Amino acid sequence: MIHQIFSFIAQAASPAATAANSAQQGANQGGGQTLFIGFIVMLAVFYFVLIRGNRKQQAQKQSLLDNLSKNDKVMTIGGIIGSVVSVRDNEVVLRVDESNNTKMTFLKKSIQQVITDGTPGETK
C-alpha cells in the first residue's frame with residue numbers, strides 16, 4: 001500500500017519515472033497470473049483430498065448401515081453399546097441392558113460402528 005502511494009507521487013513528480021513505473025507494473029501483472037494459477041491448483045488439491053475422501057467415508061458408513069442385522073453388537077456416536085433387536089427404515093432398536101431387557105431406539109445414522117469380539121476398538 002505504501003509502495004503504491006510513493007509510486008503515485010513519483011509519477012506525478014516526473015514524466016521519466018512514469019515510463020519506468022509502467023514497465024514495472026507490466027512485470028507485476030505476470031506475477032498475479034501465476035498466483036491465480038497457484039490458487040486454482042490449490043483448490044484442486046483440496047477437492048481431491050477433502051471432498052473425495054469424505055465421499056469414500058460416507059459410502060463406507062452407508063454400507064455399514066445397510067448391512068445392520070439382528071444381534072449385531074454396535075456402538076452409537078454417543079458411546080452407547082448395545083445389541084440390535086430390530087432394524088426399520090430410519091431407526092434401530094438396541095438392547096442396552098441384558099438383565100432388565102432395556103431397549104432404546106436410535107436413528108440409523110447415529111450408529112458409529114459394529115463391534116466384534118466385545119472390543120470397542122475392533123470393527124467388522
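Assorted remarks:
- Inter-label distance, nm, simple model (7 Å from Cα along the C-beta direction), Leu68/Ser83: 1.7
- When the Cα atoms of the range 77-120 are aligned to their principal axes, the ranges along those axes come out at 26, 22, 16 Å in descending order.
Readers should treat all values here as calculations from the given coordinates under stated rules, not as data from a laboratory. What you see is a predicted model; the values in this text were computed from it and never measured. Ideal geometry is used to build each Cβ from the backbone, glycine not excepted, and the neighbour counts take in all protein chains shown.
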